[in-house]
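What follows is a single structure, written as structure tokens, with notes after it.
The values are calculated or read from the model by the stated rules, or taken from the named source; none is laboratory data. Given the structure is predicted, the values throughout are model-derived calculations rather than measurements. Cβ coordinates were reconstructed from backbone atoms using ideal geometry, including for glycine residues, and neighbour counts include every protein chain displayed. Side chains included, ligands, DNA and RNA excluded: accessible areas come from the protein's heavy atoms. Shrake-Rupley method; radii C 1.70, N 1.55, O 1.52, S 1.80 Å.
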Amino acid sequence: MKKLVIAMAIVTFTTIVSAQNSPIRLTVDASEKIATASKLFNGTNIEDINNQTNGGVFSQLLHGEAFEENIETDFLNLDKADYSKIYVMLDERRIPHLITQSNVYNRLNWNSLTEKYDFNSKDVYNANPFQHPHVISGYRFPTRFMVFDSIPENIQKIMLERVNGNEQISKFWSKLTSGSAQYDYKLIRDGKAYTGRQTQGITFTNGTGEVGITNHGLYRMGIHFESGKTYDGILRIKAEKPTTVYVSLRDEQGKVLAEKPYHIKGDGTYEKMEFELTPKSEALEGSFGISLKSAGHIELGYAFLQPGEWGRVKGYPLRKTFIDALKKQGIKAIRYNGSMVDVGADTYNYRWKKMIGPIDERRVTYRSGFSPYATHSFAFVEMLQLAEAIDAECIIGMSMDETSEDIRDFVEYVNGPITSKWGALRAKHDHPEPYNLKYIQVDNERIISPGYVECVKKFALAAWESDPEMTIMTSLNIGTDLKNYARGTKQYELSSEMVKWFIDQEKGDNIAWDPHYGGWLGFANDPGYTHEMGIDLQEELAKDYPGFWLSLHPMEENGSRCDWNRGLAHAHNWNKNQRYGDHFEMLGTANTFQPHGLHYMWDQGRIHYNSHNIWFQPSAYIDEAMITNWLPNVIKTTSNNEKLVDITAKIDDSGKTLSLYIVNLSDQPEETIINIDNFKYKSKADIWTIGGCDLEDENTDKEMFKVVPKTSQIKLSKNDTKYTLPKYSYTIISLTK
């Protein structure tokens with residue numbers, strides 16, 4: 001029987017660097033330590049919440065849980081890769097338009113959530129143009145909108161029928177009918193929605209059979225049901241009279257694998273209907289159904305489906321398979337922050353007090369940076385539980401507009417004793433032990449300003465009321481331009497002011513800086529490397545404040561791709577970052593997870609998944625190798641051609657194990673001559689290598705093991721060891737005394 005398994009195995013440079021004729025000489029001096037590396041350098045980042053988590057690490061198996069989305073876009077016949085990028089929106093005239101998520105940084109004038117429709121027509125037609133139109137599956141978007149007038153007439157007709165007819169079904173859900181049943185589906189916006197502003201109405205008007213809807217998981221990729229395993233869930237459902245509702249699990253053809261009737265009172269409130277189902281056979285891409293089998297009317301406000309405790313960790317809403325993948329990757333630090341904090345239309349809804357309590361009672365939807373219909377079903381608490389489950393340090397990014405009182409209360413909630421007001425609430429929420437959070441980050445990727453500096457101070461003073469040891473982390477990118485944050489600039493002046501304030505509070509160790517950095521092939525050789533990583537700023541501030549050393553936590557290596565090009569760049573960054581190890585406290589890479597083939601902007605997930613498989617992209621294998629045979633002490637190395645072959649070496653505390661980490665950036669195999677001084681090693685060496693392929697190669701759902709590591713053993717001579725590196729490769733040579 002096919003299982004949901006972790007599919008893992010060991011088996012754009014702007015200018016291609018070509019091989020040189022003579023061997024490249026690599027030298028290592030085991031007696032000269034140059035830096036200390038930390039396991040905290042193996043960090044990751046979760047940003048575009050519902051896209052990276054639902055149907056993945058978060059146990060929620062459904063997509064469109066709050067029924068907020070408008071009608072389905074099946075009539076557009078979108079390519080699979082584009083399905084996540086286009087939605088139908090209504091203006092105040094109930095005229096439908098198409099909106100794209102292909103560039104959410106092109107901001108829009110959304111209506112308030114208190115209004116019935118998403119946009120006013122003036123804002124649709126006045127939207128800011130893209131620099132160049134986006135063509136998505138043949139549909140041309142000059143702005144974020146493809147306005148109704150420009151949509152082909154046959155598509156216009158279908159859209160009008162859908163938004164006004166009797167098949168108004170929220171995107172990600174499908175019609176379920178049988179027999180002679182007559183039906184009416186309505187998307188209800190009457191100001192009485194359970195979550196957000198829209199409810200899914202289902203009416204079985206007459207006839208016999210069944211009327212309902214099905215959900216097929218994240219972006220309709222299907223839901224994997226394992227035979228004989230329990231699945232439980234919750235519906236928030238309203239009826240005006242006693243009603244029997246059926247919930248079911250179905251296979252790819254719609255065949256029922258499990259079904260139960262549930263009776264609701266029908267008192268006009270959104271009743272909480274809890275259920276449990278056990279499928280009689282397996283489905284790799286199944287669906288979940290909600291239906292009526294006799295005349296009646298229901299309104300659906302929220303739906304949740306998850307594996308039973310067998311498929312989760314510690315009872316948390318976290319799927320064991322995904323937690324196991326993060327453990328295998330060796331993740332030791334994880335950041336929860338990104339454009340959901342600062343880019344969306346409803347950032348006022350990104351507040352921690354709206355993110356706690358039972359998942360079905362977090363009655364908030366908001367237009368986040370990435371999702372036009374985001375929820376808080378996965379939020380701060382789930383992230384803290386995830387970090388706990390993988391034994392990693394956690395960074396929580398909060399809106400800079402949180403009040404002092406709420407910041408203080410948050411720290412008490414996560415770290416306070418159960419005798420405190422908010423610690424007691426945490427215990428009531430089934431976690432009596434403190435989460436021991438050490439880092440709070442102030443918003444995401446902001447530009448330094450007097451206002452931002454004051455917000456950092458606000459966070460510090462408020463947090464320290466509840467936990468004097470809390471570290472406050474900035475999110476301020478620096479870039480490779482050496483003029484940015486240079487001494488004498490306003491940026492440097494504000495940085496210095498902020499640092500001095502922490503020092504004056506005798507809290508110089510409680511400020512941290514997170515500058516995001518490049519994951520493109522060649523970044524590690526860029527002249528601006530130390531600048532973008534924050535090292536230049538760190539060293540300048542140390543001159544001004546003797547004894548102070550700015551704690552650097554660059555937590556987003558951004559590469560915008562998943563293939564071996566990204567993997568090789570990531571390996572090169574690992575090498576360079578470790579040689580500068582004394583400058584960093586923590587390092588991270590974006591992004592953590594990605595539903596395969598279903599990104600909408602950032603195509604850089606390092607663990608991919610579909611309904612029934614999860615697998616590593618090349619860069620994740622590099623992390624795994626680093627942590628599996630971790631060595632902390634970085635020693636001196638040289639390469640006589642660093643632009644072509646980069647080398648880092650590390651040794652353990654006992655001085656008995658030494659490893660070489662070698663990046664070949666050439667498009668050809670490279671012959672090297674290796675000399676290791678002050679370490680008498682056995683001749684047998686363990687080899688771990690990945691690459692030797694085209695830069696565009698990646699691991700897909702059809703070829704999950706295309707770019708994977710290979711291991712071997714060789715004998716090395718004591719002097720002038722010759723070793724040929726495969727093209728575009730990363731090789732680890734491990735030696736023992």
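Scanning region 389-431 for residues that are open to solvent by 30 Å² or more (accessible area, probe 1.4 Å) and in a loop (DSSP other than H, G, I, E, B) yields a count of 8. Using the structure shown, decide if Lys500 is over 19 Å from Leu482 (Cα atoms) and among the charged types (D, E, K, R). Judged against the criteria, Lys500 is a match.
Is it the case, given these coordinates, that Asp149 is surrounded by 15 or more Cβ atoms within 10 Å (Cβ to Cβ), more than 26 Å from the chain's Cα centre (by Cα) and not in a loop (DSSP other than H, G, I, E, B)? Here the answer is no, as Asp149 does not meet what is asked.
Filtered by the rule that a residue be surrounded by fewer than 23 Cβ atoms within 10 Å (Cβ to Cβ) and in a loop (DSSP other than H, G, I, E, B), region 522-537 gives Gly522, Asp526, Pro527, Gly528. Checking each residue in region 245-279 for being among the polar types (S, T, N, Q) and loosely packed, with under 14 Cβ neighbours inside 10 Å picks out Gln253, Thr269.
Within region 335-378, the set of residues being part of a loop (DSSP other than H, G, I, E, B), hydrophobic (A, V, I, L, M, F, W, C) and surrounded by fewer than 22 Cβ atoms within 10 Å (Cβ to Cβ) comprises Val343, Ala345, Met355, Ile356, Val364.
Scanning region 679-709 for residues that are assigned to a strand (DSSP E or B) and either within 19 Å of Val645 (Cβ to Cβ) or within 28 Å of the chain's Cα centre (by Cα) (or both) yields a total of 6.
Applying a threshold of 6 Å to beta carbon distances and a minimum spacing of six or more residues, or different chains, the list of pairs starting in region 525-540 at a residue that is within 22 Å of Ile647 (Cα to Cα) and ending at one that is part of a helix (DSSP H, G or I) and open to solvent by 20 Å² or more (accessible area, probe 1.4 Å) reads Thr530/Asp536; Ile535/His583. Taking the listed residues Lys722, Lys643, Lys727, the one that is under 25 Å from Asp526 (Cα atoms) and in contact with an Asp or Glu (Cβ under 7 Å, 6 or more places away or on another chain) is Lys727, with no other qualifying. The requirement of being over 30 Å from His570 (Cα atoms) and among the polar types (S, T, N, Q) is fulfilled nowhere in region 470-485; no residue meets it. Scanning region 280-291 for residues that are open to solvent by less than 10 Å² (accessible area, probe 1.4 Å) and under 20 Å from Gly64 (Cα atoms) yields Gly286, Ser287, Phe288, Gly289, Ile290, Ser291. Listed by position, the strands (runs of 3 or more DSSP E) inside region 554-644 whose residues that are within 26 Å of His224 (Cβ to Cβ) number at least 3 are 593-595, 607-609, 613-616. Residue count for region 472-490 satisfying the condition of being surrounded by fewer than 22 Cβ atoms within 10 Å (Cβ to Cβ) and either under 27 Å from the mean Cα position of the chain (by Cα) or not in a loop (DSSP other than H, G, I, E, B) (or both): 4. If you go through region 491-521 and keep only what is closer than 30 Å to His570 by Cα, part of a loop (DSSP other than H, G, I, E, B) and either modelled with pLDDT under 95 or out of contact with any helix residue (DSSP H, G or I) (no Cβ under 8 Å at 6 or more places or on another chain) (or both), you end up with just His516. Could you say whether any residue in region 119-140 is open to solvent by 50 Å² or more (accessible area, probe 1.4 Å), of a type in the set (A, V, I, L, M) and out of contact with any Leu (no Cβ under 9 Å at 6 or more places or on another chain)? The answer is yes, given that some residue of region 119-140 is open to solvent by 50 Å² or more (accessible area, probe 1.4 Å), of a type in the set (A, V, I, L, M) and out of contact with any Leu (no Cβ under 9 Å at 6 or more places or on another chain). Tell me yes or no: at least one residue of region 653-668 is polar (S, T, N, Q), assigned to a loop (DSSP other than H, G, I, E, B) and buried (at least 18 other Cβ atoms within 10 Å of the Cβ). Within region 653-668, not a single residue is polar (S, T, N, Q), assigned to a loop (DSSP other than H, G, I, E, B) and buried (at least 18 other Cβ atoms within 10 Å of the Cβ). Taking every residue in region 324-351 that is farther than 21 Å from Ser59 by Cβ and pairing it with any residue that is open to solvent by less than 10 Å² (accessible area, probe 1.4 Å) and in a helix (DSSP H, G or I), at least 6 positions away or on another chain, the pairs with Cβ-Cβ distances below 6 Å are Gly330/Asp623; Tyr350/Val341.
When region 183-217 is filtered for residues that are open to solvent by less than 20 Å² (accessible area, probe 1.4 Å), of a type in the set (Gly, Ala, Ser) and part of a loop (DSSP other than H, G, I, E, B), the ones remaining, listed by number, are Ala193, Gly217. Looking at Lys328, Lys314, just one residue is under 18 Å from the mean Cα position of the chain (by Cα) and more than 30 Å from Leu476 (Cα to Cα), and that residue is Lys328.
Every condition in (1) open to solvent by less than 40 Å² (accessible area, probe 1.4 Å); (2) modelled with pLDDT of 85 or more is met by Glu47 except one, and the failing one is (2). Residues that are closer than 18 Å to His596 by Cβ, crowded, with 16+ Cβ neighbours inside 10 Å and modelled with pLDDT of 60 or more do not occur anywhere in region 25-32. The single condition among (1) touching a Pro at 6+ places or on another chain (Cβ under 7 Å); (2) modelled with pLDDT of 95 or more that Ser287 does not satisfy is (1).
Selection within region 84-98: residues that are farther than 20 Å from Asn154 by Cβ and at pLDDT 90 or above. The member of this set that is least open to solvent (accessible area, probe 1.4 Å) is Asp91. Within region 242-297, being part of a loop (DSSP other than H, G, I, E, B), farther than 18 Å from Leu176 by Cα and among the charged types (D, E, K, R) holds for Lys265, Asp267, Lys280, Glu282. Does Val381 satisfy being touching a helix residue (DSSP H, G or I) at 6+ places or on another chain (Cβ under 8 Å), assigned to a helix (DSSP H, G or I), among the β-branched types (Val, Ile, Thr) and closer than 29 Å to Gly330 by Cβ? Answer is no for this residue.
Condition check for Val104 on (1) outside any helix (DSSP H, G or I); (2) more than 23 Å from His596 (Cα to Cα): one failure, at (2).
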